[in-house]
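The values are calculated or read from the model by the stated rules, or taken from the named source; none is laboratory data. Fair warning: this is a prediction, and the values are worked out from it, not measured in the lab. Here Cβ is always computed from backbone atoms with ideal geometry, including for glycine, and neighbour counts include all displayed protein chains. Heads up: the accessible areas ignore ligands, DNA and RNA and are worked out on the full protein's heavy atoms, side chains in. Shrake-Rupley method; radii C 1.70, N 1.55, O 1.52, S 1.80 Å.
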Amino acid sequence: MLNKALIEDVLQAALETGGDFSEVFVEDRYTNHMVLQNSRLEKNLSGRDFGVGIRVFHGLQSVYAYTNDFSRAGLLKAARTAAKAIQGKKDGKTTIIPLLKESVTMLHPIKIMPTEAAKSRKLAVMRNANDIIRNYDPEIVQAIVNLIDEEQNVLIANSEGKFVEDQRVRSRMSMVSIASDGADMQTGFYGPGAYQGFEFIENLDLNHYAKESARIAKTMLHADPAPSGKFPVIIDNEFGGVIFHEACGHSLEASSVAKNASVFANKIGEKVASDLVTYIDDGTLENEWGSLNIDDEGEKSRKNVLIEDGILKGYMIDKLNGRRMGMESTGSSRRQSYRFAPTSRMTNTYIAPGKSTPEEIIADTEFGIYAKYMGGGSVNPGTGDFNFAINEAYLVKNGKIEKPLRGATLIGNGAKTILDIDRVGNNLGHGAGMCGASSGSLPVNVGQPMVRVSEITVGGKEA
Amino acid sequence: MSIEQLKERLFAEGKNVGFTDLELYYEKKESLTIGLYEGEVDKYDFSDVQGASVRGLYNGKTGYAYTEKFDEDSVEFLLKNAVENAELIENEPEELFTEKAEYEEIQFYSPELDTVKPEEMIQFLKQVEEKILSYDPRVKKVTTSQMQNQKFEKGLFHDKGLELKEANNFLLFYVSILVQENDELKSGFTFRITKDFKELDADAIVKEVVEQGLSMLGERNYPNKNYPVVLKNEAAASLLSTFTSSFSAQAVQDNRSRLKGKVGEKIASDIVNLVDNPFLPAGIQSATFDSEGVPTRKLNIVEEGNLQTYFHNLKTAKKDGVDTTGHAHRGSYRGSVEVSPSNFYIEPADQSYEQLYEGLEEGIIITGLAGLHSGADPISGDFSLAADGYYVKNGKIVGPTKQMTVAGNFFEVLQDIEEIGSDLTFSPMSFNGYIGSPTLKIKGLAVTVD
C-alpha cells in the first residue's frame, strides 16, 4: 500500500522531537451497503475509504494525526505535526529499527471475496429474506433487509521494526420486520454477521433468521405491557451476552482499568463474579464476526481468560495502557479506522457454558422475566450502571412461560449483576453486534449460554 | 489530485460512459481534539481529511459511489461503481436540482476560532480540572475533559453548472466527573458548543457540573406510580431527537411513522410549536443550502399543536405532490440523500425551570435519560428508559431518586405537554439534525424507582 522506505522516513520524522515510539497505520477499505425495503432495492452504495494514521508516544503521552493525503509531502507533514505536539524533551530513542516484514497466520479462511460476488447474487439472497418475512403473517407490513460487506486492507508498521499487512473480510445481513394492526407498530430484528465473504450470506439459514425476525415483531404486537419491579431475570443465549459485554466487558478493558476508572482495577486474583462465571475474550474463534488475525497494533489475536470460576484473571490490554499498567499487550488493540487512535477493546466475548439445561432453568423459576432476545443498551462507565431493552420478553410463572411482554427495560449495576448470576446454561451461542467506544464502532461478538440473575430491576409501563 | 481536477475529469468521462446528469459532493474536515486526564494531556488528535461522492443518472436510474483516495484511478473507480449500483437499484430516480436559486447570505464560519492555540486549549482544560477538584471534597475525579476545534467545508457541483460551497466551524467542550459520598458513586457532565473561545466561562462550567453531580447524592426510593413529570431541557431534547424521524416524509412514505396522514391534524397540545431553523448562528446544522443544493428556509413544523408539514427532499416532495422543504440530508459522502431536519426545536415559552416544578404537589423531575437508542421504538413511539432525577413534594425538590425508569409513548407525551419553559437547549448527541427543547411539564408518566 505504501513502500517501506517511505514508511521508515515517516516513522523517523515522527520521532524528531524526542518521541520514543512511532507507528503508521495504513487502511484501504472497500465497503458495500445494500438496503431492500418496500420489496425493492432502495439503496445500493459502495466506496473506498483510504487513509493513514500516525501515532507518537513519549512515555505516557500519545499524539495521533490522520490524513488521506498519502503523498510523501503529506505524510511527512502529518508526522511532523504530530511530533510538534510532543512536548519535546529530546530524551527518547531517535532512530527507528529497520522494518522487517512479518507474515500473518490466516486464522479465518475466506472462500468468496465480497468484490467477487456479483451484486445481483447478493440481492437474490436479500429478496429471499424479504419474502420469508412478508409471507410470515398478514400483520407484517414492512421488511427492511440490510446487507453490508467489506474488505479492509491494513498495513501496520512501527519504530520497533514491525511491518505487517493483513486483510479483514466481513459480511453481515440484518433483517428488520415491522408488524402492525393498523394503530400500533412493533419491530423484530435479527442481524447475523461473520468474518467471512459471500459464502456466509449465501449459506445463511434464512428460514431461521428471517422467520425469527418476523415472529418477534408479530409476538410483540400482541404482548402485554411489562410489569415494573425487581424480579429474577432469565437471559437467553447469543445476543443476550450484550448485558455482560456492556456491564463487565468494558470495565475489563485497559482503557478504563489503567485509569483506575473500573470497578475491576487492582483486583486480579479476587472474586468478582458468581462462582458459575467464566468470562473469555477470544479473537481467534474461526470466522466469527469479532475475530482478527492481528490487532490494530499488529499483535497476534489470542484467547484471553478474563474471569475464571468467579475469580478475576486478567484484562484486555493495548500498548499505551500497558505502559501505564506495567503489563504486556494482550492483542486487544482495535480501532474503527485510520481516523481513530487504537485502544483496548473486545473481540468475541462470552460467558463459558455451564451445566444447566435451558428447560431446567425456566422450570426452576417461580416468578420472573424471560428475555429471549435482548436489544441494545448502554452503561455509565464511571458507575457501572446499565440499562438494556429486551426485544422479546415473557412472563415466567410457576416454572412456565406464561405470556409475552413488551416495553421491558433492565436496569442495574454491572459489578453487582455478575455476582448475582445463579444459573448458567449449557447452550453457549454468539451474537453479532457493533460496539461503540473511544476508538470508534467495531464489529464484536457477544455471547453466553442462558443465564439467570437472581434479581434485576425491570422498568415497564405498568408502574 | 484536487477536488476541482477530480470534478472536471469526472464530468468529462462520465458523459462518455453514459451518465446524463452528474453531481459531485465533497466534504473536507480539519480538527484538533485535546483531552486532559489528571493534569496531563491524554489525547491529542489532529485530522485533515476529505472525501467525495458521485451521484448520477445512468439509463434513468440513480447511481452512487464514493472515495477517499484521490488519484489517477479515482475517476474510473467512481464511475464503474456508480454504474454497477445504478444498474441494480429499483427506486424511482432521484432528481438533481439544477435550477438557479437565491440563497441566504450568511457566514457561519467564525475566523476567531482559527486563532485559538493548542496551548490555550490545554490551559483551559487544566484550569477547569483544578477548579473542579478543589470545589468540593466529594469530587472523586474528572473522568473526561476534552476540547475539539473543528472546521468543515462541504460543496456540491453539477455538470449542468451549479457550484455551491459552505464552511462552518465550532468549538466543542465536554467534561464529566465522578462524585462520591460513603459508598454512593454518581456522575455529572456538561458540555458547551460555541464559536467564541472567550465565551467559555470556566467558573460557570465548574459550578454547573459539580453541583449537578452532587445533587445526585443521597438517593432514595419513592413509590412506583404515575407521576406528573418535569422533563428538563436536555432530557426533553434527547427524547425529541429519538423520535425526530417520525417527522420525515421518507419515514411516512415507508410506513415507518405514526404521523402518516396527520398533516393538518392536532398532534400536540395547543401550546406546542416545533420550529426548524437552518439559520441559527450557533447551530451545528446551520446551512444555506441542503444536500441537494436547494435553498434552506425557516419553517414551522408544528403550530399550536397542529402538524403543518413533514420534512421533504426533492424525491419525497414529488411523491406527495408538494414542494421540497429543503431538508435533503447526507450523513456524509458515504451515504445517500436522505431527509433530516437542520436545527429543530420546541419553541421556548416564558416559565423558568423552577416555576415549572413549584406548582407540583407531588412529582418527578427528569434531568437525564439513558438508553434512548435501545429502550425507545422510533416507530411506535413507545419508550422505557433509565432516568436520573429528583422527587418533588409540595413544590420543592426533596432529593434524587434511586435507579429510576420512566415509560410512556412519545406521541402521548406531545399531547400531554402542560407547560413549556424558557430554557431552550440542544442535545449534542443526535445524529439526525441538531435537536433542542426547553424544559417541559408533562401531565403524567409511569415511573419506577428501584
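Counting only strands (runs of 3 or more DSSP E) that sit wholly inside region A:353-459, those with at least 1 residues that are at pLDDT 95 or above and over 20 Å from A:Val277 (Cα atoms) are A:367-379, A:385-397, A:400-406, A:429-437, A:440-448. Could you tell me whether region B:118-139 includes any residue that is part of a strand (DSSP E or B) and either under 30 Å from B:Gln5 (Cα atoms) or at pLDDT 95 or above (or both)? Yes.
Residues of region B:432-450 that are among the small types (Gly, Ala, Ser), more than 9 Å from chain A (Cβ to nearest Cβ) and surrounded by fewer than 24 Cβ atoms within 10 Å (Cβ to Cβ): B:Gly444 alone. Scanning region B:96-108 for residues that are more than 21 Å from B:Glu13 (Cβ to Cβ) and either within 13 Å of another protein chain (Cβ to nearest Cβ) or buried (at least 17 other Cβ atoms within 10 Å of the Cβ) (or both) gives B:Phe97, B:Phe108.
If you go through region B:11-44 and keep only what is open to solvent by less than 30 Å² (accessible area, probe 1.4 Å), within 14 Å of chain A (Cβ to nearest Cβ) and more than 30 Å from B:Glu129 (Cα to Cα), you end up with B:Leu24, B:Tyr25, B:Tyr26. Each residue in region B:207-234 was checked for being out of contact with any Phe, Trp or Tyr (no Cβ under 6 Å at 6 or more places or on another chain) and more than 14 Å from chain A (Cβ to nearest Cβ), and 11 of them qualify. Among the residues of region A:344-389, write down those that are in contact (Cβ under 8 Å) with a residue 60 or more places away in the chain, within 14 Å of chain B (Cβ to nearest Cβ) and open to solvent by 40 Å² or more (accessible area, probe 1.4 Å). Correct list: A:Pro381 only. Scan region A:391-412 and give yes if some residue there is within 20 Å of A:Leu306 (Cβ to Cβ), open to solvent by 50 Å² or more (accessible area, probe 1.4 Å) and not hydroxyl-bearing (Ser, Thr, Tyr), otherwise no. For region A:391-412, residues within 20 Å of A:Leu306 (Cβ to Cβ), open to solvent by 50 Å² or more (accessible area, probe 1.4 Å) and not hydroxyl-bearing (Ser, Thr, Tyr): absent. Criterion applied to B:Val272, B:Val322 was being part of a loop (DSSP other than H, G, I, E, B), closer than 18 Å to B:Phe410 by Cβ, of a type in the set (Val, Ile, Thr) and more than 14 Å from chain A (Cβ to nearest Cβ), and the one residue passing it is B:Val272. Against the definition (within 14 Å of chain B (Cβ to nearest Cβ), open to solvent by 10 Å² or more (accessible area, probe 1.4 Å) and without any contact (Cβ under 8 Å) to a residue 40 or more places away in the chain), how does A:Lys416 come out, yes or no? It is true that A:Lys416 is within 14 Å of chain B (Cβ to nearest Cβ), open to solvent by 10 Å² or more (accessible area, probe 1.4 Å) and without any contact (Cβ under 8 Å) to a residue 40 or more places away in the chain. For region B:45-78, the set of residues classified as touching a Ser or Thr at 6+ places or on another chain (Cβ under 7 Å) and at the interface with another protein chain (Cβ under 7 Å from one of its Cβ atoms) consists of B:Asp45, B:Phe46, B:Ser47, B:Asp48, B:Val49, B:Tyr64, B:Ala65, B:Tyr66, B:Thr67, B:Phe77, listed by residue number. The residues listed here are A:Arg168, A:Arg127, A:Arg215; of these, the one that is among the basic types (Lys, Arg) and open to solvent by less than 10 Å² (accessible area, probe 1.4 Å) is A:Arg168. Filter region B:175-188 down to the residues that are surrounded by fewer than 18 Cβ atoms within 10 Å (Cβ to Cβ) and in a strand (DSSP E or B) and list them by number. Residues satisfying the conditions are B:Gln180, B:Glu181, B:Glu184. Between A:Leu306, A:Leu312, A:Leu285, A:Leu292, the distinction of being at pLDDT 95 or above, more than 20 Å from A:Ser251 (Cα to Cα) and open to solvent by less than 10 Å² (accessible area, probe 1.4 Å) belongs to A:Leu292 only.
Is there a residue in region B:80-94 that is open to solvent by less than 10 Å² (accessible area, probe 1.4 Å) and more than 10 Å from chain A (Cβ to nearest Cβ)? Within region B:80-94, none of the residues are open to solvent by less than 10 Å² (accessible area, probe 1.4 Å) and more than 10 Å from chain A (Cβ to nearest Cβ).
When region B:263-295 is examined, which residues are found to be of a type in the set (Val, Ile, Thr) and either open to solvent by 20 Å² or more (accessible area, probe 1.4 Å) or under 19 Å from B:Tyr333 (Cα atoms) (or both)? First the steps, then the outcome.
Step one: of region B:263-295, the residues of a type in the set (Val, Ile, Thr) are B:263, B:267, B:271-272, B:275, B:284, B:288, B:294.
Selection gives B:Val263, B:Ile271, B:Ile284, B:Thr288, B:Val294.
For region A:64-86, the count of residues that are within 11 Å of another protein chain (Cβ to nearest Cβ), under 29 Å from the mean Cα position of the chain (by Cα) and among the β-branched types (Val, Ile, Thr) is at least one. The condition of being β-branched (Val, Ile, Thr), out of contact with any Phe, Trp or Tyr (no Cβ under 9 Å at 6 or more places or on another chain) and within 14 Å of chain B (Cβ to nearest Cβ) holds for only one of A:Ile148, A:Ile216, that being A:Ile148.
Identify the residue in region B:97-143 that is out of contact with any Lys or Arg (no Cβ under 9 Å at 6 or more places or on another chain) and of a type in the set (Ser, Thr, Tyr) and, among all such residues, is farthest from A:Lys84 (Cα to Cα). Checking each candidate, the answer is B:Tyr103.
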